Amino acid sequence: MGEYEKNSLSLTGAIGLGTGVMISAGIFALLGQIAELAGTWFPLMFIAGGIVTGFSAYSYIKMSNEYPSAGGIGMFLVKAYGKGTLTASAAMLMAVSMVINQSLVARTFGTYTLQIFNIEEGSFLVPALGVGLLLFAFIVNVSGNNFIQTFTSIISLLKIIGLVVFAMGGLWVAGFSVIPAEGGSRTPDSTWASMIAAVALTILSFKGFTTITNSGSEIVKPKKNVGRAIIVTILISLVVYLLVAWAVSSNLPLSSIIEAKNYSLAEAARPAFGNYGVWFTVAIAIIATISGIIASVFAVSRMLAMLTDMELIPHKHFGMPGKIQTHTLVYTIVLAMILTVVFDLTRIASVGVILYLVMDMIVHWGVYKHLRKKVNANPGIVLTALILDAIVLAAFTWVKLNTDWLIVAFSIVFIVLIFVGEHLFLKNKTAEEAKS
């Protein structure tokens, strides 16, 4: 298993890791869903999402400056709330939302790959290819490779260049016109609630910056470079997302973007460049999803191993040999595979949004209530981040209650189960320690 060491991650490496996780499924899988909710001006939702993410990142940067740690968010929660149910549950929500993101990436890989062969996205091959990619990520992570940082940095650069080429080519064909996508027939009317809900999905495409906070203690000069890496990563991603969204908007009517929402980039390449454009777009999607999933699997398994070492989550070996991180890697991959097979892209993204925003609000409240003086955080900025999260989560939940209430119910039950499970685990552990 690849292990990082102190001062082993340069500023460039940290940016590569962040963009590697961020610019993967986010833009490929979510663009059509964002268009469906936001309507013709959907590219602007990425700016709103970038602003909300910027406020949100402030708390993480302040915490990283004070407590640079490989534990990242798990360690921040311990500093804010102690080793209790809230810390353990919020850390689990973070870990599970990252696993959900892996299943989103896996299904995106399957959906885009099939575009080469003109196979319908409803095919069983979508989850089958997704499971195959997860298996590949497991093999890379478990084989003891130390090239994960270098690999993700190089691949991140390749896919960013590829996406910019795609975007500029699409815009060139469209004459670089800044006009909203044409409505076309059968397009739903967007409301204020649905537009704010669309911002929730853009936040999901930016949340890869948390990978950098999880690598805090390994980054060279962390007090200076963690914040820089996060800001640069968010800005690079915002520019790439805007260019791509603008290119798609210029080449397809809104109805077509929504109809092909799970593979809208490939569909937008068709009128602009024909089959060659589709193949090029699919190639970028494959590169992006492979690099994103390898980096994400590594980050989640390490976070779960850290929570296990801190005795905040239960752990069973099930007869497996090797270190705890190898075991958590297996759990991560198995859960991601189950989600990939059971849920479609829209539902995976929806659950991921709800879990992530709940966790994010718990982090902001912890910083505001318990740590703002220790980490020298501006309370106004932290509260703004908390309020923006609450508004976006409320709008997203409202829209989903009206369109797919089952996902909201599933998310609530899942969150309750995590909190109850962690409470019982920690209570039993305390009782056992008292006996001994």
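The values are calculated or read from the model by the stated rules, or taken from the named source; none is laboratory data. This one's a predicted model, so the numbers in the text were calculated from it and none came from an experiment. Methodologically, a virtual Cβ is constructed for each residue, glycine included, from the backbone with ideal geometry; neighbour enumeration extends over all protein chains shown.
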Does region 354-361 contain at least one residue that is without any contact (Cβ under 8 Å) to a residue 12 or more places away in the chain and either within 22 Å of VAL199 (Cβ to Cβ) or under 19 Å from the mean Cα position of the chain (by Cα) (or both)?
no
Counting only residues in region 352-375 that are part of a loop (DSSP other than H, G, I, E, B) and either among the polar types (S, T, N, Q) or out of contact with any Lys or Arg (no Cβ under 7 Å at 6 or more places or on another chain) (or both), the one farthest from LEU388 (Cα to Cα) is identified as LYS374
Look through region 259-286, keep the residues that are closer than 15 Å to PHE117 by Cβ and hydrophobic (A, V, I, L, M, F, W, C), and return whichever of them is surrounded by the most Cβ atoms within 10 Å (Cβ to Cβ).
ALA285
Only residues in region 306-318 that are modelled with pLDDT of 75 or more count as the first member; pair them with residues that are of a type outside the set (Val, Ile, Thr), Cβ under 6 angstrom, at least 6 apart or cross-chain, and list the lot.
MET306/GLY71; MET306/GLY74; LEU307/GLY74; LEU307/ALA91; THR308/HIS315; LEU312/ALA88; ILE313/LEU307; PRO314/PHE425
Run down SER250, SER291, SER237, SER256 and say which single residue is in a helix (DSSP H, G or I), surrounded by 21 or more Cβ atoms within 10 Å (Cβ to Cβ) and either in contact with a His (Cβ under 6 Å, 6 or more places away or on another chain) or modelled with pLDDT under 85 (or both).
SER291
Being farther than 23 Å from PHE55 by Cβ, crowded, with 16+ Cβ neighbours inside 10 Å and touching a Pro at 6+ places or on another chain (Cβ under 6 Å) is true for just one of PHE410, PHE425, PHE343, PHE419. Which residue is that?
PHE425
Write out, first by first residue and then by second, each pair whose Cβ atoms fall under 6 Å of each other, whose residues are 6+ apart or on separate chains, and whose first residue, in region 170-199, is surrounded by 13 or more Cβ atoms within 10 Å (Cβ to Cβ) while the second is assigned to a loop (DSSP other than H, G, I, E, B) and at pLDDT 70 or above.
PRO180/THR40; PRO180/TRP41; ALA181/THR40; GLU182/PRO253; GLY184/PRO253; SER190/GLY39
If we keep only residues of region 93-130 that are crowded, with 18+ Cβ neighbours inside 10 Å and among the small types (Gly, Ala, Ser), then the residue nearest to THR340 (Cα to Cα) is SER103
Inside region 324-351, can you point out the residues that are among the aliphatic types (A, V, I, L, M) and in contact with a Leu (Cβ under 8 Å, 6 or more places away or on another chain)?
ILE333, ALA336, MET337, LEU345, ILE348, ALA349
